[in-house]
Amino acid sequence: MAKASDIKNGNILRFNGELVQVEEFLHRTPGNLRAFYQARMRNVKTGKLVEYRFRVDEEVEICRVETSDYQYLYEDGDALVVMDNNTYEQFNIPKLLFGKSVRFLKEGMNVIIAFESDEPIMAQTPSHVELEITYSEPAVKGDTSTNALKYATVETGVEIKVPMFINQGDKVKIDTRTGDYIERVK
């Protein structure tokens with residue numbers, strides 16, 4: 001057990017039986033009252049925001065979280081099978097941990113996964129990926145006077161909006177957090 005004064009931004013705590021990540025941690029000393037720590041924390045599993053005031057001498061449980069790079073191998077039902085790049089050990093990671101960015105994952109890509117005592121608690125895809133356009137409608141002459149967009153399908157099967165000059169077979173860079181087109185890759 002650690003004291004509240006040992007907490008830092010980014011720490012993972014076991015708080016009320018749940019795992020939470022500290023987003024903001026401030027020391028407050030109001031006028032003639034006792035000092036306290038104001039914490040804003042996000043539940044790792046549900047994403048719910050929790051605010052709490054810790055006394056200076058209050059005991060907290062800081063969890064030991066190991067984060068490492070893994071290679072995405074294939075999809076297995078509601079889980080993704082990943083491999084540790086150092087030990088070649090394979091793990092099944094629930095798709096829910098990746099969020100919406102899981103739709104841009106291609107076999108062989110590297111992902112970051114955080115484990116707390118052999119249980120995966122967080123998963124993160126690369127912030128940008130390069131994928132090939134497998135289908136797009138041809139541009140119509142005269143439609144390019146403004147920032148016109150058209151729908152295109154990438155090799156993972158996701159439909160995104162791209163500029164009119166993008167054709168089938170082009171490689172594009174995509175932001176996995178928003179699903180937006182960034183640029184064409186040469």
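Closer than 18 Å to E18 by Cα, of a type outside the set (A, V, I, L, M, F, W, C) and touching a helix residue (DSSP H, G or I) at 6+ places or on another chain (Cβ under 9 Å), is that true of E51?
In short, no.
E23: more than 30 Å from E89 (Cβ to Cβ) and in contact with a helix residue (DSSP H, G or I) (Cβ under 6 Å, 6 or more places away or on another chain), yes or no? Judged against the criteria, E23 is not a match. Taking the stretch 71-158 and the strands (runs of 3 or more DSSP E) fully enclosed by it, the elements with 2 or more residues that are touching a residue at least 12 places away in the same chain (Cβ under 8 Å) and in contact with a helix residue (DSSP H, G or I) (Cβ under 9 Å, 6 or more places away or on another chain) are at 79-84, 110-116, 119-124, 128-136. Has the stretch 16-34 got any residue that is in contact (Cβ under 8 Å) with a residue 40 or more places away in the chain and of a type in the set (S, T, Y)? Scanning the stretch 16-34, I find no residue that is in contact (Cβ under 8 Å) with a residue 40 or more places away in the chain and of a type in the set (S, T, Y), so the answer is no.
Across the stretch 28-70, the number of residues qualifying as of a type in the set (A, V, I, L, M) and assigned to a strand (DSSP E or B) comes to 7.
The residues of the stretch 108-120 that are touching a Phe, Trp or Tyr at 6+ places or on another chain (Cβ under 7 Å) and either crowded, with 18+ Cβ neighbours inside 10 Å or of a type in the set (S, T, Y) (or both), listed by number, are V111, I113.
Checking the stated criteria, F115 turns out to be over 20 Å from D180 (Cβ atoms) and of a type in the set (F, W, Y). Is it the case that Q90 is more than 16 Å from the chain's Cα centre (by Cα), at pLDDT 90 or above and either assigned by TED's automatic domain parsing to the domain that holds F165 or over 24 Å from A152 (Cα atoms) (or both)? In short, yes. Residues of the stretch 6-47 that are surrounded by 15 or more Cβ atoms within 10 Å (Cβ to Cβ) and over 28 Å from the mean Cα position of the chain (by Cα): F36 alone.
The values are calculated or read from the model by the stated rules, or taken from the named source; none is laboratory data. Remember, it's a predicted structure, so these values are computed and weren't measured experimentally. So basically every Cβ, Gly included, is an ideal-geometry build from the backbone, and we count neighbours across all protein chains shown.
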